[in-house]
Ligand code: PMP
Ligand code: GLU
C-alpha cells in the first residue's frame with residue numbers, strides 16, 4: 001500500500017533535475033557523460049559578491065532575518081526595479097524568497113483556489129504545471145510552435161480565458177525557448193486580460209539579464225494592468241548565484257503580504273548570508289557582470305552554427321536565456337536498429353546512451369516535439385557535445 005499522500009503521488013519529479021541527477025550518477029559510474037541538461041551558468045559567483053557574503057559571516061549576520069528579507073535588501077531591490085526597469089515598487093511590495101522557485105510557489109499558492117484555471121503558454125518552464133496542480137488549479141495550455149517563435153498571440157490568450165481563469169503565467173526571456181516578448185506583444189496580451197478583473201499575471205523575469213538582440217520589457221510597465229501583475233526575479237541566472245537560493249517578487253501589497261505569510265509558515269526568511277550576497281549583487285550596476293552575457297551570446301552563436309550542420313532538426317534563434325529548443329519530429333519513426341524513436345523522450349534517452357550527452361525532453365516543458373539543449377557551459381564541451389550528437393543522429397535510419 002502506498003501510504004504517501006495523493007498530493008505527492010500526483011506530483012512529477014522536476015525533469016531538469018531528474019536528468020541532471022541521472023547524468024551525475026552515470027558520471028560517477030565512470031561514463032563520459034556531457035550534461036547539457038541543467039540550466040545554470042557555469043561561472044563561479046563573481047568575487048565582489050562572494051566577499052560580501054564572507055563579510056556578512058564576520059559581521060555576525062547569523063540570526064533569523066525578517067521573513068520577507070532584510071530591509072536593506074528590499075530597498076536595494078526597489079531601487080533596482082527603478083534603475084533597470086523604470087518600475088515603482090516600494091520595499092513593502094517586495095518579498096525575498098529562497099529562490100525564484102519559492103517565489104513562484106508562494107504566488108501560486110496565494111492566488112489559485114482549487115478548480116481555478118491558470119493559462120500557461122507552452123513550452124513553459126517545468127515547475128509551473130506541477131505547482132499549479134499542487135495548488136489544486138487547472139493548467140490551461142496554449143500551444144505555440146517553432147514557426148511562430150514559440151510565442152502565443154493575444155488572440156490565443158483571449159480564447160483561453162474562461163470565467164474560471166485566475167492567473168496567466170509566462171517567462172520572458174523564456175525557458176526553454178529563449179523567446180522574448182516585445183513591448184507591443186505584451187501590451188496586446190495585457191489588453192485582452194484587462195476586462196477580466198479576476199485574472200492576475202505572473203511575469204517570470206529571471207533571465208532578464210541574459211538577452212541578446214532584444215530589450216527586456218516587463219508587462220508591469222503598463223499602468224492599466226500593473227496592479228494585477230507579480231514580477232518574479234532573482235539572482236540565480238544574471239549573477240551566477242544558483243546555489244545561494246535568492247529570488248524575489250515585486251507585487252501589489254496584498255499579494256506581497258500573502259507571500260510573506262506563506263513563507264512565514266513554510267521556510268521563514270531566506271538564508272541571512274545569501275541575502276547579504278544578493279544585496280551586493282542587486283545594488284551593483286549590472287554592466288559590471290556583462291562579461292557573462294557576452295560569453296552566453298558567443299556560445300549561442302557557436303551552438304547555432306554547429307546545429308546548422310546537423311540535418312533534420314528545426315530551431316528558432318533564441319534571443320535570450322541559455323537554451324536552444326529544436327523541433328526533432330524529423331527523427332520520430334527512425335531507429336538505431338534496436339528501438340524506434342517514438343518521441344522526444346526516446347530521442348533524449350537514445351542520445352544519452354549513444355552520444356553520452358544529456359538533454360531534457362520537451363515533454364517536460366509541454367512540447368513533446370522538441371528537446372532542450374542548455375549551452376551554459378564551455379566552448380570545448382559544447383563543440384564535443386554537438387559533434388557527438390551529430391554522429392549519433394546520423395546513425396538513425
Ligand atoms: N523560473 C525559470 C524560468 C527558471 O528557469 C528557473 C531556474 N531554475 C527558475 C524560475 C527558478 O530559479 P531559482 O534558481 O531562483 O529558484
Ligand atoms: N531552471 C533550471 C533549468 O530549467 C534549473 C533546474 C530547475 O530549477 O528546475 O534547468
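The values are calculated or read from the model by the stated rules, or taken from the named source; none is laboratory data. Remember, predicted model here, so these are calculated numbers, not experimental data. Note that each Cβ is placed from the backbone with ideal geometry, even for glycine, and that neighbours are counted across all protein chains shown.
Observations
- Total residues in region 1-16 satisfying the condition of being within 16 Å of ligand 2 (Cβ to nearest atom) and either modelled with pLDDT of 90 or more or loosely packed, with under 15 Cβ neighbours inside 10 Å (or both): the figure is 3.
- Unique match (being touching a helix residue (DSSP H, G or I) at 6+ places or on another chain (Cβ under 9 Å), in a loop (DSSP other than H, G, I, E, B) and touching a residue at least 24 places away in the same chain (Cβ under 8 Å)) among 181, 170, 150: 181
- Residue check, residue 268 more than 16 Å from ligand 2 (Cβ to nearest atom), in a helix (DSSP H, G or I) and out of contact with any helix residue (DSSP H, G or I) (no Cβ under 7 Å at 6 or more places or on another chain): no
Results for (1) closer than 19 Å to residue 38 by Cβ; (2) buried (at least 21 other Cβ atoms within 10 Å of the Cβ), shown as yes or no for each residue.
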| site | (1), (2) |
| --- | --- |
| 299 | yes, no |
| 306 | no, no |
| 311 | no, no |
| 335 | no, no |
| 356 | yes, no |
| 361 | yes, yes |
| 376 | yes, yes |
| 379 | yes, no |
| 391 | no, no |
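- Within region 43-65, being part of a loop (DSSP other than H, G, I, E, B) and surrounded by 15 or more Cβ atoms within 10 Å (Cβ to Cβ) holds for 43, 45, 46, 61, 65.
- Looking only at residues of region 16-35 that are within 25 Å of residue 320 (Cα to Cα) and in contact with a helix residue (DSSP H, G or I) (Cβ under 6 Å, 6 or more places away or on another chain), we find that the one that is nearest to ligand 1 (Cβ to nearest atom) is 16.
- One residue from 130, 93, 102 being closer than 18 Å to residue 257 by Cβ, at pLDDT 95 or above and within 16 Å of ligand 1 (Cβ to nearest atom): 102
- Residues within region 223-262 that are outside any loop (DSSP other than H, G, I, E, B) and within 14 Å of ligand 1 (Cβ to nearest atom), tallied: 11
- Output for region 184-206, where each listed residue is within 22 Å of residue 365 (Cα to Cα), in a loop (DSSP other than H, G, I, E, B) and touching a helix residue (DSSP H, G or I) at 6+ places or on another chain (Cβ under 6 Å): 206
- In this structure, residue 75 does not qualify as away from ligand 2 (no atom under 16 Å from the Cβ), assigned to a helix (DSSP H, G or I) and farther than 25 Å from residue 266 by Cα.
- Unmet requirement for residue 281, which otherwise passes all of (1) surrounded by fewer than 17 Cβ atoms within 10 Å (Cβ to Cβ); (2) closer than 27 Å to residue 243 by Cβ: (1)
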